[in-house]
Amino acid sequence: MDNSVQKLPNDIMRRYDIRGIFGKELTESVAYSFARRFGAFLQGQKARSVAIGYDGRKSSPKLLIPLIRGLREQGIDVINVGLCSTPVLSFAHIHLKTDAGIMITGSHNPPKHNGFKITFRQEPFFDQSIKNLNYVIAKSVPLSLKGNLVEKNINGAYAQRICKDTDKLPSYKIVWDCGHGAAGSVLPKVLDLLPGQHTVLYGEVDGTFPAHHPD
C-alpha cells in the first residue's frame with residue numbers, strides 16, 4: 001500500500017458519499033489518503049474523535065485497516081464499532097459522542113462496490129464538503145500525538161434504544177429479510193426485545209449476497 005497522501009479520484013467523490021469499485025477506483029491507498037485528509041479536516045475544526053463501522057462486504061475489512069491507520073496517524077482517536085448496519089453507526093456517532101462517523105459500505109450497490117458514508121457533528125458530510133477534501137493539506141503529526149484506538153460493540157445499546165416502549169405493540173407476525181447484509185448482525189438483539197412472532201430470512205452476513213441484490 002502506498003503510504004503517501006494522494007489526490008482522491010474525482011469519479012469516486014459522489015454527492016452523498018465516496019464510492020467506487022474496490023481494487024479499481026477505490027483501493028487501500030485511496031482509503032488511507034481519504035483518512036489522512038479527513039483527519040486533517042477534523043483537526044482544523046478542533047475535532048478529535050471518529051466512530052467507524054463496516055458492512056458485510058468482502059472488501060470492507062480491507063478498507064478498515066488503512067482507514068483506521070490514516071486517521072490515527074493524523075492524530076484522530078478512533079472507536080471501531082465493528083460489523084454493523086448504517087443505522088447502528090449513525091447511533092454510535094451520537095451515543096458515543098464522537099465528532100464524526102464513517103460507515104464503510106457499498107449500500108445497495110453490487111458486491112464489488114464499496115465506499116464511505118460520512119457524518120460530522122451529527123450532520124451529513126456531503127457534496128462540496130467531500131470535494132473540498134482534496135484541498136486539505138494533511139501534515140503528519142508527531143508519534144506522541146498519534147490517535148488512540150478503542151473497539152466497542154454497541155449492538156445491545158442500539159437494540160435497547162430502538163425497542164424502547166415496544167412492549168406496548170400488538171403481537172405481530174413479521175418476516176424479516178436481511179438479504180445477507182449487515183442488518184443480520186444486529187437483528188437478533190432487536191428481536192430479543194421485540195414482541196411478536198418473527199421469521200428471519202437470509203440472516204447470515206455474506207458479502208457475496210447469494211440470495212438477491214442487496215437493495
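The values are calculated or read from the model by the stated rules, or taken from the named source; none is laboratory data. On a predicted model such as this, the values are computed, not experimentally measured, just so you know. Note: ideal-geometry Cβ built from the backbone for every residue, glycine included; neighbour counts use all protein chains shown. The protein model used for the area step is the full one, side chains on, heavy atoms only, and it has no ligands, DNA or RNA in it. Shrake-Rupley method; radii C 1.70, N 1.55, O 1.52, S 1.80 Å.
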At a threshold of 8 angstrom on Cα-Cα distance, excluding pairs fewer than six apart, so keeping six or more, what relative contact order does the chain reach in percent? 23
First compute the accessible area of the chain with a 1.4 Å probe, then give the percent of it belonging to carbon and sulfur atoms. 52
Taking amide H atoms as placed 1.01 Å from N in the peptide plane, list the residues 5 or more away in sequence, or in a different chain, whose amide H sits under 5 Å from that of residue 58. 207
Projecting the Cα atoms of 109, 193, 16 onto the charge dipole of the chain, where Lys and Arg contribute +1 and Asp and Glu -1 at Cβ, the residue farthest towards the positive end is 16
In Hz, Karplus ³J(HN,Hα) per residue of the range 3-20 (6.51, -1.76, 1.60; θ = phi - 60°; x = Gly, Pro): 8, 7, 8, 8, 6, 6, x, 4, 6, 9, 8, 7, 5, 10, 6, 9, 8, x
Leaving ligands, DNA and RNA out of it, work out the accessible area of residue 14 with a 1.4 Å probe and give it in Å² to the nearest 10. 90
Whole-angstrom gap from the range 148-170 to the range 26-94, using each part's C-alpha centre: 22
Hey, what angle do you get for helix 86-95 against the long axis of the chain, alpha-carbon based, 0 to 90 degrees rounded to 10? 70
As I understand it, the value is the acute angle between the Cα axis of helix 28-44 and the longest principal axis of the Cα atoms of the chain; what does it come to in degrees, rounded to 10? 80
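At a Förster radius of 30 Å, what calculated FRET efficiency corresponds to the Cβ-Cβ distance of residue 135 and residue 48, to the nearest 0.05?
Numbers: r = 21 Å, r/R0 = 0.71.
That gives a FRET efficiency of 0.90.
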To check you understand DSSP bridge types, tell me what percent of the beta bridges within the chain (both residues inside) are antiparallel, rounded to 5. 40
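Quick check on my link table: of 58/164; 62/97; 7/62, which ones sit more than 22 Å apart, alpha carbon to alpha carbon?
58/164; 62/97
Output the relative contact order of the range 83-166, whole-number percent, from Cα pairs under 8 angstrom with separation of 6+ residues. Walk me through the intermediate numbers first.
Values: 56 pairs, mean separation 19.9, N = 84.
RCO, the range 83-166: 24 percent.
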Calculate the dipole size of the range 1-65 relative to its Cα centre from +1 charges on Lys and Arg beta carbons and -1 charges on Asp and Glu beta carbons; express the result in debye to the nearest 20. 160
Counting only residues 5 or more places away or on other chains, whose amide H sits under 5 Å from the amide H of residue 74 once H atoms are built in the peptide plane? 147
Relative contact order, percent, the range 45-124 [alpha-carbon distance under 8 Å, six or more residues apart]: 37
Heavy-atom accessible area of residue 123, protein chains in place, probe 1.4 angstrom, given in Å² to nearest 10, is 110
Along the charge dipole of the range 27-117, Cβ charges K/R +1 and D/E -1, which of 79, 68, 96 sits furthest on the positive end? 68
Just to confirm a number: summing +1 for Lys and Arg and -1 for Asp and Glu over residues other than residue 146 whose beta-carbon lies under 15 angstrom from that of residue 146, what do you get? +3
In Å², and per residue, what accessible area does the chain have when probed at 1.4 Å with the other protein chains present? 51
Angle in degrees between helix 60-73 and the longest Cα principal axis of the chain, rounded to the nearest 10: 40
Specify whether the C-alpha gyration tensor of the range 1-123 places it in the rounded, prolate or oblate class, a ≥ b ≥ c being the square roots of the eigenvalues: rounded for a/c under 1.5, otherwise prolate if a/b is larger than b/c and oblate if not. oblate
Using unit Cβ charges (K, R positive; D, E negative) and no other charged atoms, how large, in debye to the nearest 20, is the dipole of the range 91-215 about its Cα centre? 440
Which of (i) 115; (ii) 135; (iii) 106 gives volume of the Cα convex hull per residue in Å³ as computed here? It is (i)
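So what is the calculated 222 nm ellipticity per residue for the chain, using -39500 (n - 2.57) for each DSSP H run with n of 4 or more, over all residues, to the nearest 500 deg cm²/dmol?
On the way: 6 runs with 58 residues, N = 215.
Dividing the helical sum by the residues of the chain leaves -8000 deg cm²/dmol.
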Estimated dipole of the chain in Debye, rounded to 20 [Cβ of Lys and Arg +1, of Asp and Glu -1, Cα centre]: 620
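By accessible area of protein heavy atoms, probe 1.4 Å, what ranking do 136, 78 get, highest first? Don't skip to the answer; put the middle values down first.
Numbers: 136 30, 78 0 Å².
Sorted by accessible area, descending: 136, 78.
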